[in-house]
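Colleague: I'd like to ask you about the structure that follows.
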Amino acid sequence: MSAPEHIAPDETGYDRVLAFTLPSRDARGRTVRLGPVLETILAAHDYPIPIKHLLAEALVLAALVGTLLKDGEGQLTMQAQTQGGVVDLLVCDYRGGELRGYVRHDAERLAMLGANPSLFALFGSGGYLAITFDLAKTGQRYQGIVPLEGSSLAEACESYFAQSEQVPTLIRVGVRSDARGCVAGGLLVQHLPEGEEGRERLHVRLDHPEWEHVAALAGSTRHDELVDPDLSLEALVWRLFHDESEVRIEPFPPLSRGCRCSIEHYQSVLAQFPEAERLEMRNDAGLIVVDCAFCSRLFEIDA
């Protein structure tokens, strides 16, 4: 990768993911910036500012982690949940460049927490983060669950990779919300195993000098850089790693909002229920009403 003086205008802006690798450091990464897609997802509900920021962070993480999937048809689902918390459910997913997300919360209790509540204040004790990978090509599913500890969802996600994947990972997320709208960006960097078969995995050497070097550079990323649409993702990666001998980049197709709800989809889901159960679901008009929390729409299905 050379200096990005000649980056085209359409390579700057929002709703993009850029993959990069540092071959000499055994490291890979992703960086993302969300704008209009994020606004569309947030507009489905009248979320207060703290919930907007929480969901924005989760959607950035979903894009960063979801694009690590080698299965282009696979799905990444992140779910943060607790009992008795102000937020009792957060769920978002990524599939094939499509993002969606939803937060269920107690508005009255949230109003009592002030303008900038902590992660613990929102979820309370006993919260957990579940990350699930569904691989379409093989039909396999695997999941890791970690406690909702630390100051952010990003820290919990780092813990997931350390505990479930044994891969050293650094994640930075920035969110900006003002009169112009909500913007969010993120950076993920990982140190890869030095060979998947028959060689030592790096999780037993978290002080590996190559990883310490990469983590120090990536950790210098500023919040304002992550949300600045005038700083392209290519320029951000160059700013961090321009002294490296080689930086390989690969842009992903643009991101989009991906709620997959439709009458046909719900008809196929309901068809799996016994007829007697479908009859019990009907309202007085003989219809089954399905509420999609992701897009805040009601679907009336003929039972």
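Colleague: Mind checking whether some residue in region 110-118 is surrounded by fewer than 20 Cβ atoms within 10 Å (Cβ to Cβ) and in a helix (DSSP H, G or I)?
Modeller: Yes, some residue in region 110-118 is surrounded by fewer than 20 Cβ atoms within 10 Å (Cβ to Cβ) and in a helix (DSSP H, G or I).
Colleague: Next question, about the same structure. How many residues are farther than 23 Å from VAL183 by Cα, out of contact with any strand residue (DSSP E or B) (no Cβ under 7 Å at 6 or more places or on another chain) and not aromatic (Phe, Trp, Tyr) when one looks only at region 246-273?
Modeller: Total meeting the criteria: 9.
Colleague: Out of LEU68, LEU76, report the one residue that is hydrophobic (A, V, I, L, M, F, W, C), under 12 Å from the mean Cα position of the chain (by Cα) and surrounded by fewer than 21 Cβ atoms within 10 Å (Cβ to Cβ).
Modeller: Numbers: LEU76 fails: surrounded by fewer than 21 Cβ atoms within 10 Å (Cβ to Cβ).
Just a single option satisfies the conditions, and that option is LEU68.
Colleague: Also, I was wondering about something else. Find all pairs meeting these conditions: Cβ atoms under 7 angstrom apart; at least six residues apart or on different chains; first residue within region 112-132 and touching a residue at least 24 places away in the same chain (Cβ under 8 Å); second residue surrounded by 14 or more Cβ atoms within 10 Å (Cβ to Cβ) and of a type in the set (Ser, Thr, Tyr).
Modeller: If the second residue must be surrounded by 14 or more Cβ atoms within 10 Å (Cβ to Cβ) and of a type in the set (Ser, Thr, Tyr), the pairs left are LEU119/SER152; PHE123/THR82; GLY124/THR82; GLY126/THR82; GLY127/THR82; LEU129/TYR160; ILE131/TYR160; THR132/THR77.
Colleague: I would also like to ask the following. Looking at THR40, THR21 in this structure, which one is part of a helix (DSSP H, G or I), in the same structural domain as CYS157 (by TED's automatic domain parsing) and surrounded by fewer than 20 Cβ atoms within 10 Å (Cβ to Cβ)?
Modeller: Working: THR21 fails: part of a helix (DSSP H, G or I).
That would be THR40, the only listed residue that is part of a helix (DSSP H, G or I), in the same structural domain as CYS157 (by TED's automatic domain parsing) and surrounded by fewer than 20 Cβ atoms within 10 Å (Cβ to Cβ).
Residue by residue, here is whether (1) loosely packed, with under 11 Cβ neighbours inside 10 Å; (2) closer than 30 Å to LEU34 by Cβ; (3) of a type outside the set (A, V, I, L, M, F, W, C) holds:
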| site | (1), (2), (3) |
| --- | --- |
| GLU234 | no, yes, yes |
| ARG239 | no, yes, yes |
| PRO253 | yes, yes, yes |
| ILE263 | no, yes, no |
| LEU270 | no, no, no |
| LEU287 | no, no, no |
| VAL290 | no, yes, no |
| LEU298 | yes, yes, no |
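Colleague: From the list ASP26, ASP46, ASP10, pick out the single residue that is at pLDDT below 95, in contact with a strand residue (DSSP E or B) (Cβ under 7 Å, 6 or more places away or on another chain) and not aromatic (Phe, Trp, Tyr). Before the answer, list the steps.
Modeller: Details: ASP46 fails: in contact with a strand residue (DSSP E or B) (Cβ under 7 Å, 6 or more places away or on another chain); ASP10 fails: in contact with a strand residue (DSSP E or B) (Cβ under 7 Å, 6 or more places away or on another chain).
One residue alone meets the criteria, ASP26.
Colleague: What strands (runs of 3 or more DSSP E) lie completely within region 133-198 and have 3 or more residues being surrounded by fewer than 22 Cβ atoms within 10 Å (Cβ to Cβ)? Quick ask: steps written out before the conclusion?
Modeller: Working: elements: 141-147, 169-178, 181-191.
Because the criterion is at least 3 residues that are surrounded by fewer than 22 Cβ atoms within 10 Å (Cβ to Cβ), the strands (runs of 3 or more DSSP E) in region 133-198 that meet it are 141-147, 169-178.
Every residue, every condition in (1) at pLDDT 90 or above; (2) not hydroxyl-bearing (Ser, Thr, Tyr), yes or no:
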position: TYR102; (1), (2): yes, no
position: ILE131; (1), (2): yes, yes
position: LEU135; (1), (2): no, yes
position: GLY139; (1), (2): no, yes
position: SER164; (1), (2): no, no
position: ALA184; (1), (2): yes, yes
position: VAL189; (1), (2): yes, yes
position: LEU206; (1), (2): no, yes
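Colleague: Condition first: surrounded by 22 or more Cβ atoms within 10 Å (Cβ to Cβ), outside any strand (DSSP E or B) and touching a strand residue (DSSP E or B) at 6+ places or on another chain (Cβ under 9 Å). Can you find one or more residues in region 86-98 that meet it?
Modeller: no
The values are calculated or read from the model by the stated rules, or taken from the named source; none is laboratory data. All values reported here derive from a predicted model rather than from experimental measurement. Positions of Cβ are generated from backbone atoms using ideal geometry, with glycine treated the same way; all protein chains shown enter the neighbour counts.
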